[in-house]
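**Q** Handing you this structure, nothing more for now.
The values are calculated or read from the model by the stated rules, or taken from the named source; none is laboratory data. The structure displayed is predicted, hence computed values, not measured ones. Glycine gets a Cβ as well: all are built from the backbone with ideal geometry, and neighbour counts include every protein chain shown.
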Amino acid sequence: MFKSLRRRALRKQPFPEPWLEVLERRLVWYGRLTPDLQLRLQGRIQIFVHEKTFIGCGGLEVTDVMRVLVAAQACRLELHHEPSHFPQCETIFLYPNAFVSTVTHLLPGGVIEQVPTVRIGESWHRGSVVLSWNAVEASTWAEWTGQNVVLHEFAHQLDSSGGAVDGVPVLRNLAAYARWERVVDRALTHLRLRLGQGERPIDPYAAQNPAEFFAVATELYFETPQALRAFDPELHQLLADYYGVFPMYRAEAA
């Protein structure tokens, strides 16, 4: 109850003018939202920035520009989702560039192998998202590449909201879960088949597992929806129904 009242009060506060300048100057897609969706996004950004802790790593000093750009892109995923605001994510760690994370593998015989891996983003099942600021910033300057680290990692947060990280976010009912499983299983199998034939219809990273498939498909849905529709129209429609908002196409592709 208290959280709901606090969020309502935050949404009623005037959106800071410097933050609005960041949205208008740095995010092309923001200007293509309807006025109602722009206001909804602003309210969600205010709540996100207020509730999440941003921590700079590797000497990075976190600024309001960084907070707003991360929040805007994360909240873009939830413009038609209520109430969420990514409740499991409490902290966002920002590194200046790519960072090294230790990945643990369980080998035959129970042997545990820890491998240092260079990453630009990471989503932890409980509590945190880790991002490279360089990668975040690149996604705002170079749209339409089909890659966006904030969308990718916060898609993982949506995925984990249902418990397991299995490529299935929380859905409305059993019929929606059955449809999701059918469409995603078929599309993932089709992707792996085409990759095996030497084709590259979308980022091969999506073929790793259903969780990465969902995250990569989310990037495509918002960044290059034409490419996603060309790869699999039914998958595109599945995400359109889930996210509840169609991405903004480039004018020349309209």
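**Q** So if I check each of L188, L193, which one is surrounded by 15 or more Cβ atoms within 10 Å (Cβ to Cβ) and either more than 25 Å from F93 (Cα to Cα) or outside the structural domain of A74 (by TED's automatic domain parsing) (or both)?
**A** The unique qualifying residue is L188.
**Q** Residue by residue through segment 55-88, note down the ones that are surrounded by 17 or more Cβ atoms within 10 Å (Cβ to Cβ), touching a strand residue (DSSP E or B) at 6+ places or on another chain (Cβ under 7 Å) and not in a loop (DSSP other than H, G, I, E, B).
**A** M66, R67, V70
**Q** Here's something else I'd like to know. Can you find a residue that is surrounded by fewer than 15 Cβ atoms within 10 Å (Cβ to Cβ) and under 22 Å from T224 (Cβ atoms) anywhere in segment 32-40?
**A** yes
**Q** So G31 clears everything in (1) free of Cβ contacts under 8 Å to residues at least 12 places away in the same chain; (2) touching a strand residue (DSSP E or B) at 6+ places or on another chain (Cβ under 6 Å); (3) of a type outside the set (F, W, Y) except one condition, right? Which one?
**A** (2)
**Q** Based on what the data block shows, is D159 more than 17 Å from A74 (Cβ to Cβ), touching a helix residue (DSSP H, G or I) at 6+ places or on another chain (Cβ under 9 Å) and acidic (D, E)?
**A** No: the conditions fail for D159.
**Q** While we're looking at this one, here's another question. Only one of S84, S128 is of a type in the set (G, A, S), within 19 Å of V165 (Cα to Cα) and touching a residue at least 40 places away in the same chain (Cβ under 8 Å). Can you tell me which? Full working, then the answer.
**A** Values: S128 fails: touching a residue at least 40 places away in the same chain (Cβ under 8 Å).
Just one listed residue meets the conditions, S84.
**Q** Next question. Only residues in segment 36-62 that are closer than 14 Å to R76 by Cα count as the first member; pair them with residues that are surrounded by 17 or more Cβ atoms within 10 Å (Cβ to Cβ) and among the acidic types (D, E), Cβ under 7 angstrom, at least 6 apart or cross-chain, and list the lot.
**A** R44/E78
**Q** Identify all residues within segment 33-63 that are of a type in the set (V, I, T) and over 23 Å from A135 (Cα atoms); write none if there are none.
**A** Matches in segment 33-63: T34, I47.
**Q** Right, next: Filter segment 170-179 down to residues that are surrounded by 13 or more Cβ atoms within 10 Å (Cβ to Cβ) and either closer than 15 Å to G244 by Cβ or among the polar types (S, T, N, Q) (or both), then give me how many there are.
**A** Of the residues in that region, 3 qualify.
**Q** Additional query: Limited to segment 227-248, what total is found for residues that are loosely packed, with under 15 Cβ neighbours inside 10 Å and without any contact (Cβ under 8 Å) to a residue 40 or more places away in the chain?
**A** 5
**Q** Considering (1) surrounded by fewer than 21 Cβ atoms within 10 Å (Cβ to Cβ); (2) touching a residue at least 40 places away in the same chain (Cβ under 8 Å); (3) not in a loop (DSSP other than H, G, I, E, B), say which one A135 fails and leave the rest.
**A** (2)
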